[in-house]
Amino acid sequence: MHRPILIIGACGQIGTELTMELRERYGNEKVIASDIREGGDTLMGSGPFELLDATNYAAIEDVVMHYEIDEIYLMAAMLSATAEKFPMRAWNLNMNSLFNVLNLAKESKISKIFWPSSIAVFGPNTPKEDTPQNTIMEPSTVYGISKQSGERWCEYYFKKYGVDVRSVRYPGLISWKTMPGGGTTDYAVEIYHEALQKGQYECFLDKGTKLPMMYMDDAIRATIDLMESPSEKIKVRSSYNLASMSFTPEEIAESIQKHIPDFTISYAPDFRQQIADSWPSSIDDSAAKEQWGWEPKFNLDQTTLEMLNNLK
Ligand code: SER
């Protein structure tokens, strides 16, 4: 019997699907969804929900005590593009929410944490192709700085206080159930919606901008597999590189054209181009593969098929 789990940020792009998958596996009543706002009908109707501000320690503690929560998945964060517009708010949300959860575990009120990091922890001086697990990390975005700092704190809490915190560096995530919000990789979701609705898409990143990406099903499976792995297998307590595919805007357009031959793409790069240019093009995730058996399943064409079929 699995003990109760709390998802903070359950109404976001990842949180929605993570909550539904955890409810499927462990039972609806065992998985408490929470967010600063209410979510979609499926999520709200399938199990317990609490309105919760991730920066409010006392409020999180109340929910933890009330439901006898054992594990927290902290999915609330301000993403890269929005964080450039509100640097202090991003730092406040991304860091304080993490400290709240780490401190609950330090006080033995919960026993396990999942906290997502990102490819944004890397910067312009990082090797761009096959970016290693351990390499130069000089993030140049507010979001990247918060994730890099978060990784350092996770490892610190593990080493110093024995907190069982686990993390992956998600690439750009592609999904159809819930829209992403405020990220630099969001174009790879928008493009499918507009291909179906308008037959054309104006991309806010330029031709040739190759970024690491992943279909949501793979990301959810990686997350839960990591959380279910025996503790001794998890050698990396900052965050694991995680990869499945990398592509450019023109490559995703070609993949869509296999189903919608008249689809066209044009380019109008904005401030997000600079963010994308500072990130890796491809990621070496051999540590995750070796240590806890990670293996991706969806390539670009399979992702396109899933996206178009489900959005139709
Ligand atoms: N997908 C995120 C973003 O673009 C990166 O973690 O901000």
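The values are calculated or read from the model by the stated rules, or taken from the named source; none is laboratory data. Quick caveat, the model's predicted, so the values are computed rather than measured. Note that we place each Cβ from the backbone using ideal geometry, even for glycine, and neighbour counts take in every protein chain shown.
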Q: At least 3 residues that are free of Cβ contacts under 8 Å to residues at least 60 places away in the same chain, away from the ligand (no atom under 16 Å from the Cβ) and over 27 Å from Glu21 (Cα atoms) in each: list the helices (runs of 4 or more DSSP H) lying fully within the stretch 32-145 that qualify.
A: 87-106
**Q.** Filter result for Thr264 (modelled with pLDDT of 95 or more and closer than 17 Å to Met213 by Cβ)
**A.** no
Q | Scan of the stretch 227-277 for residues that are among the β-branched types (Val, Ile, Thr) and in contact with a helix residue (DSSP H, G or I) (Cβ under 9 Å, 6 or more places away or on another chain), ordered by number | A | Ile234, Val236, Ile252, Ile256, Ile260, Thr264, Ile265, Ile275
Q. How many residues are of a type in the set (Ser, Thr, Tyr), over 25 Å from Asp284 (Cβ atoms) and in a helix (DSSP H, G or I) if we restrict to the stretch 172-222?
A. 1
(Q) I want to confirm something. Restricting to the stretch 189-205 and keeping residues that are within 16 Å of the ligand (Cβ to nearest atom) and within 21 Å of Lys85 (Cβ to Cβ), which single residue is nearest to the chain's Cα centre (by Cα)? (A) Val189
Q. Can you tell which of Tyr143, Tyr157, Tyr192 is over 22 Å from Arg272 (Cβ atoms) and touching a Leu at 6+ places or on another chain (Cβ under 9 Å)?
A. Tyr157
(Q) Take the conditions assigned to a loop (DSSP other than H, G, I, E, B) and away from the ligand (no atom under 16 Å from the Cβ) and apply them to Pro269. Does it pass? (A) no
Q: Name every residue in the stretch 136-157 that is over 22 Å from Lys112 (Cβ atoms) and among the charged types (D, E, K, R), in order of residue number.
A: Glu138
Q) For Lys109, all conditions in the list (1) within 23 Å of Cys154 (Cα to Cα); (2) more than 19 Å from the chain's Cα centre (by Cα); (3) buried (at least 19 other Cβ atoms within 10 Å of the Cβ) hold save one; what is the number of the exception? A) (3)
Q.
For the structure I just gave you, tell me whether Ala81 is surrounded by 17 or more Cβ atoms within 10 Å (Cβ to Cβ) and more than 30 Å from Ser281 (Cβ to Cβ).
A. no
Q) Out of (1) on the phi > 0 side of the Ramachandran plot; (2) not in a loop (DSSP other than H, G, I, E, B), what's the single condition that is false for Glu251? A) (1)
Q) What are the pairs, 6+ residues apart or on separate chains, where a residue within the stretch 1-18 that is of a type in the set (Ser, Thr, Tyr) has its Cβ under 7 Å from a residue that is assigned to a loop (DSSP other than H, G, I, E, B) and buried (at least 24 other Cβ atoms within 10 Å of the Cβ)? A) Thr16/Ala10
Q: Could you tell me which of the residues Leu18, Leu74, Leu43, Leu98 is in contact with a strand residue (DSSP E or B) (Cβ under 9 Å, 6 or more places away or on another chain) and farther than 28 Å from Ile145 by Cβ?
A: Leu43
Q: Check off (1) closer than 20 Å to Trp115 by Cα; (2) of a type in the set (Gly, Ala, Ser); (3) surrounded by 23 or more Cβ atoms within 10 Å (Cβ to Cβ) for Ala195 and give me the number that stays unchecked.
A: (1)
Q | Within the stretch 284-299, considering residues that are crowded, with 16+ Cβ neighbours inside 10 Å and in contact with an Asp or Glu (Cβ under 7 Å, 6 or more places away or on another chain), the one nearest to Cys203 (Cα to Cα) | A | Phe298
Q.
Among the residues of the stretch 153-173, are any within 16 Å of the ligand (Cβ to nearest atom), basic (Lys, Arg) and in contact (Cβ under 8 Å) with a residue 60 or more places away in the chain?
A. yes
